[in-house]
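One structure is given here, and the rest of the page talks about it.
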Amino acid sequence: MTRQLLFPDPLQFAVIRIDARAMVEPLEDPIALEAAAMVKCRKYLVFLEAALDLPGPHSRWCRYSAYPVASALRPSEPELGITPDMVMPIAPNETHAKGREPIGPEPAFPFDNCFFWIRSSMVVRIKRKDAAEFDDRRATRLGVREHVALLVSWRDDSRRIAHFVEERRRLAQSPSATGSPPSPASGNSSSAPAAPQPSPASSASTSLRRSASSDDDVGRAGNSRDIDHDDGASSVSTSSSDDLAAYNLFGWSADPALAFYPLLDAWLELEENITQSEIGNPADFYEEHEVIQR
């Protein structure tokens, strides 16, 4: 059944592009508007995980927590123990699965080279369309089980990061310690292979954002698609009253960061709005956003 929506449903993929002019218009600054007009924003892919607002009929945008979708490996962050192979492939891509089953959207994902990145979730604002509504007939989405599988897929990588950070802290506190911190390789093998290097497209942005509630916090649960499993269910169920209040669904609490969240045009029809070769690198998205904020 077709539904005409003011805003996209959660758990759907979308093509997005920053609307630089709309972000700076509230400033009523001619210089800022002129600078925004000079910014050439590309299209990117994201997964809209959850709506953070309850939009009304006159809402101009809605906040979402979102994961960028990349066609390249993740930029490394050596100081945090994060390596380029800490990714989760989206089927039909099977590279760097590391024994896990790739995440399977419905219907089949139209691109065969895409990944989710560990610790990359962000908050964005999706604009309401001016003369149309979102049509979910051709939306690509994750089912509940696949979403849970994504959340728990970071288990082993999270342990690697935690081990690296703990060892780094221990060495820093030891006056007699020498040498450098360990590499974030799996603790199960003393001769674990070095992590693969990122492609030139993913080389480096030190500005890669990490959400306050890290996506791998829930990754300590079992690596299973069975959402009825006790450990998995408890690890992804964090709905205390404090957590709900923090979402500020009704907009009653002022959010000082609100104007700085990326304001995006969005399209649910993936293949009609982007090709596989055009998928932008999330690191470039962050750089565009920072340029606009300046």
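The values are calculated or read from the model by the stated rules, or taken from the named source; none is laboratory data. No experiment lies behind these values; they were computed from the predicted model shown. A quick note on method: Cβ atoms are made from the backbone with ideal geometry, for glycine too, and the neighbour counts reach across all protein chains shown.
Being closer than 30 Å to LEU171 by Cα, of a type outside the set (S, T, N, Q), in contact with a Pro (Cβ under 8 Å, 6 or more places away or on another chain) and assigned to a loop (DSSP other than H, G, I, E, B), is that true of even one residue in the range 131-143?
No - not one qualifying residue is present in the range 131-143.
Suppose we filter the range 113-135 for residues that are under 28 Å from ASN93 (Cα atoms), within 21 Å of the chain's Cα centre (by Cα) and of a type in the set (D, E, K, R); how many remain? Talk me through it step by step, then tell me what you get.
Restricting attention to the range 113-135, the residues satisfying the condition of being under 28 Å from ASN93 (Cα atoms) are 113-124, 126, 134-135.
After this cut, where a residue has to be within 21 Å of the chain's Cα centre (by Cα) as well, the list is 113-124, 126.
Adding the requirement that they be of a type in the set (D, E, K, R) leaves 119.
The number of residues fulfilling the criteria is 1.
Given the structure, is GLU79 charged (D, E, K, R), surrounded by fewer than 23 Cβ atoms within 10 Å (Cβ to Cβ), free of Cβ contacts under 8 Å to residues at least 24 places away in the same chain and not in a loop (DSSP other than H, G, I, E, B)?
Here the answer is yes, as GLU79 does meet what is asked.
Any chance the range 13-22 includes a residue that's surrounded by 21 or more Cβ atoms within 10 Å (Cβ to Cβ), of a type in the set (Gly, Ala, Ser) and within 19 Å of the chain's Cα centre (by Cα)?
Within the range 13-22 (the criterion being surrounded by 21 or more Cβ atoms within 10 Å (Cβ to Cβ), of a type in the set (Gly, Ala, Ser) and within 19 Å of the chain's Cα centre (by Cα)), the answer is yes, since at least one residue qualifies.
Return yes when ARG137 is touching a Leu at 6+ places or on another chain (Cβ under 9 Å), closer than 16 Å to LEU45 by Cα, among the charged types (D, E, K, R) and in contact (Cβ under 8 Å) with a residue 24 or more places away in the chain and no when it is not. Don't jump to the end; show me each part of the working.
Values: touching a Leu at 6+ places or on another chain (Cβ under 9 Å): yes; closer than 16 Å to LEU45 by Cα: no; among the charged types (D, E, K, R): yes; in contact (Cβ under 8 Å) with a residue 24 or more places away in the chain: yes.
Against the criterion (touching a Leu at 6+ places or on another chain (Cβ under 9 Å), closer than 16 Å to LEU45 by Cα, among the charged types (D, E, K, R) and in contact (Cβ under 8 Å) with a residue 24 or more places away in the chain), ARG137 does not qualify.
Confirm whether ARG42 is at pLDDT 90 or above, touching an Asp or Glu at 6+ places or on another chain (Cβ under 9 Å), of a type in the set (Lys, Arg) and assigned to a strand (DSSP E or B).
no
Within the range 23-51, work out how many residues are surrounded by 21 or more Cβ atoms within 10 Å (Cβ to Cβ), among the aliphatic types (A, V, I, L, M) and in contact with a strand residue (DSSP E or B) (Cβ under 9 Å, 6 or more places away or on another chain).
Count: 4.
Among residues belonging to the range 53-74 that are at pLDDT 95 or above and in a loop (DSSP other than H, G, I, E, B), point out the one that is surrounded by the most Cβ atoms within 10 Å (Cβ to Cβ).
Selected residue: ARG74.
When only residues in the range 99-142 that are in contact with a strand residue (DSSP E or B) (Cβ under 9 Å, 6 or more places away or on another chain) and basic (Lys, Arg) count, which is nearest to GLU278 (Cα to Cα)?
Per the criteria, the residue is ARG141.
Within the set of pairs 6 or more residues apart or between chains, which connect a residue that is over 13 Å from ARG125 (Cα atoms) and modelled with pLDDT of 95 or more inside the range 244-273 to a residue that is of a type in the set (A, V, I, L, M, F, W, C) and surrounded by fewer than 14 Cβ atoms within 10 Å (Cβ to Cβ) with Cβ atoms less than 7 Å apart?
none
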